[in-house]
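Laboratory data are not the source of any read-out in this text; all were calculated from the coordinates shown. Note that this is a predicted model, so its numbers are computed, not measured. Reconstructed Cβ throughout: ideal geometry from the backbone, glycine too, with neighbour counts over all protein chains shown.
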Amino acid sequence: MIRKTLIGLLVISVALVFGSAAFAKKYKYEEGAVSNGGSISGTVSLKGNPPPPIMEDLNKGKNVEFCTTHPDTKKGGIRPRSKVVAKGGKLSGTVVFIENLAKGKAWDWKTVNFDFKTCDIFPKVSVIRKASKAEKKAGGVLKITNQDPDILHNPHGYSVVGANRKTLFNKPLPSKGDVADVSKNVARFKKKKDKHFFLQCDQHNFMEADARIVWNPYFAVTGADGSFKIGDIPAGKYKVTAWHPYVGEVTSEVTVSGGADAKQDFTLTAK
């Protein structure tokens with residue numbers, strides 16, 4: 001009886017191990033050649049009015065004399081900050097991406113660099129991805145650069161889940177030209193847990209930026225006209241999501257035919 005129980009436990013343990021391996025393999029993206037790929041293009045619109053800008057009083061923070069040189073600063077040291085930008089109803093800064101695509105074109109990844117400049121962060125919305133083992137050692141996936149002379153910035157990166165924030169890194173950059181390569185820090189991302197990356201300066205907490213964490217190279221970020229296009233997609237049916245860090249997300253099923261462009265527009269509703 002004891003022997004049978006031990007054998008049963010061994011079988012279960014082996015199944016769990018191989019099951020975990022299969023699960024890990026399931027979410028590992030496989031690069032390959034795409035023949036006669038199609039594309040998805042469209043626009044992202046905002047239903048309703050965007051929230052009014054935050055009127056930041058720079059006089060209450062650090063480095064007032066320098067931070068007020070920001071080109072958006074108004075009389076009295078007030079700088080409007082808009083987290084949702086929609087011109088003519090078209091929503092910029094929205095990440096459109098294909099969900100759970102396991103195989104397709106090769107990553108054409110260029111280092112994402114957030115510039116800390118004139119007490120602001122650029123770009124406001126981007127995409128980032130998990131660093132591979134090689135990239136964890138060599139770097140080059142995600143960098144942050146201080147572009148401000150004689151101003152201490154302190155980039156603080158988080159993974160955001162609902163109201164919870166998990167610190168990924170906290171790197172002081174005391175001088176102009178200082179660079180923090182945080183590729184090693186974002187090698188800890190987990191597909192089931194990490195989706196929203198948030199970046200803030202601990203010295204000037206009004207400095208903010210956001211990014212969507214992506215798991216395959218099929219994504220685009222909408223520009224001022226709300227448009228996007230994702231190319232070189234293998235023919236098939238996909239779930240495509242439009243995500244904005246301060247509006248929400250919506251998902252549609254899109255069928256892509258070889259060599260053809262599938263039109264798909266999205267509408268997000270202002271909160």
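The alpha-carbon positions of the stretch 51-129 define a convex hull whose volume is 152 Å³ per residue. Counting only DSSP beta bridges with both residues in the stretch 109-216, the antiparallel share comes to about 70 percent.
Evaluate Rg over Rh across the stretch 119-182, taking Cα atoms for both radii and Kirkwood's formula for Rh.
Values: Rg = 13.0 Å, Rh = 13.2 Å.
When Rh is taken as the Kirkwood radius, the ratio is 0.98.
From most to least packed by mean Cβ count within 10 Å, the peptides 161-168, 229-236, 255-262, 182-189 give 182-189, 229-236, 255-262, 161-168.
Please tell me the relative contact order of the chain in percent, rounded to the nearest whole number, where contacts are Cα pairs under 8 Å and at least six residues apart.
Numbers: 611 pairs, mean separation 77.8, N = 271.
Averaging sequence separation for qualifying contacts and normalising by length gives 29 percent for the chain.
Any idea how far the Cα center of the stretch 56-82 sits from the one of the stretch 150-222, in Å? Spelled out, the Cα-based centre of one part sits 23 Å from the other.
Electrostatic bookkeeping for Tyr238 treats Lys and Arg as +1 and Asp and Glu as -1; over the other residues with beta carbon under 10 Å from its beta carbon, the sum is 0.
Bin all alpha-carbon pair distances of the stretch 127-232 at 10 Å intervals from 0 and give each bin's fraction as a whole percent. In order of increasing distance, the bins hold 14, 40, 34, 11, 0 percent. For Val125, the residues whose modelled amide H falls within less than 5 Å of its own, excluding neighbours fewer than 5 places apart on the same chain, are Asp210.
Roughly what angle does helix 2-26 make with the longest principal axis of the chain, taking Cα atoms, 0 to 90 degrees, to the nearest 10? With rounding to tens, the tilt is 50 degrees. Between the entries (i) 48, 40, 35; (ii) 79, 48, 34; (iii) 55, 40, 37, the label attached to Cα extents along the principal axes in Å calculated for this structure is (ii).
When +1 charges are put on Lys and Arg Cβ atoms and -1 charges on Asp and Glu Cβ atoms, the dipole computed for the stretch 109-216 relative to its Cα centre reaches about 960 debye. Pairwise alpha-carbon distances in the stretch 198-263 exceed 17 Å for 54% of all pairs.
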